[in-house]
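Colleague: Pasting a structure below so you can have a look.
The values are calculated or read from the model by the stated rules, or taken from the named source; none is laboratory data. Because the structure is predicted, anything quoted here is derived from the model rather than measured. As a convention, Cβ positions derive from the backbone with ideal geometry for all residues, glycine included, and neighbour counts pool all protein chains shown. Keep in mind that these areas ignore ligands, DNA and RNA; they rest on the heavy atoms of the full protein, side chains included. Shrake-Rupley method; radii C 1.70, N 1.55, O 1.52, S 1.80 Å.
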Amino acid sequence: MGPIGVLALQGDFREHLAILDGLGIPNRKVKLPEELIGISGLIIPGGESTTIEKLSHINGLYAPIRELIHAGMPVFGTCAGLILLANKITDGILGQVGFGGLDVEVKRNAFGSQLDSFEAKIPFFDYEVAAAFIRAPIVLEARDSVEVVSRLVTGEIVGVQSGNILGISFHPELVGESRVHSYFIEMCKKADFYAKL
Ligand code: GLN
């Protein structure tokens, strides 16, 4: 398997790299198109989805990432990363479209100012994982092709998977939780993808 790429344009990419290091998984920062070559999966971190999208255009990463997702590259988005992977964004800025790929509608900053940041233990498949939510999105609607993998006790959908794409509203990497990353690494091993431009 090739290294796992972490999109390193803005946001908390360092924490994702640290989790991969801790798991002993080869990894690489991706800031430029040529750094995509040979990766077996890509993590899109949390941060500010509009900024990450803008910088991906400036750095020439927007089109290749879209194509690789379409070609079946495993990709894992957290928070802003989930927003960037959604086919429909509610409360986005004008013209915000992301990379797409997940047939879901997400609502940005869905918890409002009263509760814009909190920590919780939540289910992720059969595990219970530690999670930080920071101005997090929720999934308003997930189509049939999309499996719901995490929900809050109050019912909101905060984790989904559809084929090669995994998206969660929360940040396991900020609370030292590595099981979601381990799951993604298994996805990458199974897919055995090699990114070509
Ligand atoms: N609210 C941010 C956005 O819209 C996401 C926040 C986060 O990634 N922690 O991009």
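Colleague: Any chance region 91-102 includes a residue that's under 26 Å from D192 (Cβ atoms) and among the aliphatic types (A, V, I, L, M)?
Modeller: Scanning region 91-102, I find at least one residue that is under 26 Å from D192 (Cβ atoms) and among the aliphatic types (A, V, I, L, M), so the answer is yes.
Colleague: May I pose another question? Quick check on my filter: what residues within region 151-170 are in contact (Cβ under 8 Å) with a residue 40 or more places away in the chain and not hydrophobic (A, V, I, L, M, F, W, C)?
Modeller: Within region 151-170, E156, S162, G163, N164, G167, S169 meet the criteria.
Colleague: Which residues, taken from region 155-197, are open to solvent by less than 20 Å² (accessible area, probe 1.4 Å), aromatic (F, W, Y) and over 22 Å from E105 (Cβ atoms)?
Modeller: Matches in region 155-197: F184 only.
Colleague: Residue by residue through region 107-117, note down the ones that are more than 10 Å from the ligand (Cβ to nearest atom) and among the aliphatic types (A, V, I, L, M).
Modeller: L115
Colleague: Yes or no: region 45-64 includes at least one residue that is near the ligand (Cβ under 8 Å from one of its atoms), under 20 Å from G95 (Cβ atoms) and not in a helix (DSSP H, G or I).
Modeller: yes
Colleague: Same structure again: Tell me which residues, restricted to region 163-197, are assigned to a helix (DSSP H, G or I), in contact with a strand residue (DSSP E or B) (Cβ under 6 Å, 6 or more places away or on another chain), closer than 19 Å to G46 by Cβ and not aliphatic (A, V, I, L, M).
Modeller: If the condition is that a residue be assigned to a helix (DSSP H, G or I), in contact with a strand residue (DSSP E or B) (Cβ under 6 Å, 6 or more places away or on another chain), closer than 19 Å to G46 by Cβ and not aliphatic (A, V, I, L, M), then R179, F184 are the ones that fit.
Colleague: Hey, can you tell me all the residues within region 141-154 that are in a loop (DSSP other than H, G, I, E, B), over 16 Å from Y127 (Cβ atoms) and open to solvent by 30 Å² or more (accessible area, probe 1.4 Å)?
Modeller: R143, D144, S145, T154
Colleague: Considering each residue of region 118-131, count those that are open to solvent by 10 Å² or more (accessible area, probe 1.4 Å) and either within 15 Å of the ligand (Cβ to nearest atom) or free of Cβ contacts under 8 Å to residues at least 12 places away in the same chain (or both), and give that number.
Modeller: Just the residues of region 118-131 that are open to solvent by 10 Å² or more (accessible area, probe 1.4 Å), to begin with: 118-121, 123, 125-128, 130.
If we keep only those that are either within 15 Å of the ligand (Cβ to nearest atom) or free of Cβ contacts under 8 Å to residues at least 12 places away in the same chain (or both) as well, we get 118-121, 126, 128.
Within region 118-131, residues that are open to solvent by 10 Å² or more (accessible area, probe 1.4 Å) and either within 15 Å of the ligand (Cβ to nearest atom) or free of Cβ contacts under 8 Å to residues at least 12 places away in the same chain (or both) number 6.
Colleague: If E67 satisfies every condition in (1) open to solvent by 20 Å² or more (accessible area, probe 1.4 Å); (2) in contact (Cβ under 8 Å) with a residue 24 or more places away in the chain; (3) within 15 Å of F193 (Cα to Cα) but one, which is the exception?
Modeller: Here E67 clears every test but (2).
Colleague: Look at E186 and say whether it is within 16 Å of the ligand (Cβ to nearest atom), among the acidic types (D, E) and either over 22 Å from L36 (Cα atoms) or within 17 Å of the chain's Cα centre (by Cα) (or both). It would help to see each step written out before you state the result.
Modeller: Numbers: within 16 Å of the ligand (Cβ to nearest atom): no; among the acidic types (D, E): yes; either over 22 Å from L36 (Cα atoms) or within 17 Å of the chain's Cα centre (by Cα) (or both): yes.
No; evaluated as a whole, the condition is false for this residue.
Colleague: Restricting attention to region 89-104, and to residues there that are within 14 Å of the ligand (Cβ to nearest atom) and in a strand (DSSP E or B), which single residue is nearest to S49 (Cα to Cα)?
Modeller: I89
Colleague: Within region 50-64, track down each residue that is of a type in the set (A, V, I, L, M, F, W, C) and open to solvent by 40 Å² or more (accessible area, probe 1.4 Å).
Modeller: Once the filter is applied, which keeps residues that are of a type in the set (A, V, I, L, M, F, W, C) and open to solvent by 40 Å² or more (accessible area, probe 1.4 Å), region 50-64 yields L55, I58, A63.
Colleague: Continuing with this model, one more query. Just need a number here: residues in region 30-47 that are in contact with a Lys or Arg (Cβ under 9 Å, 6 or more places away or on another chain) and open to solvent by 40 Å² or more (accessible area, probe 1.4 Å).
Modeller: 2
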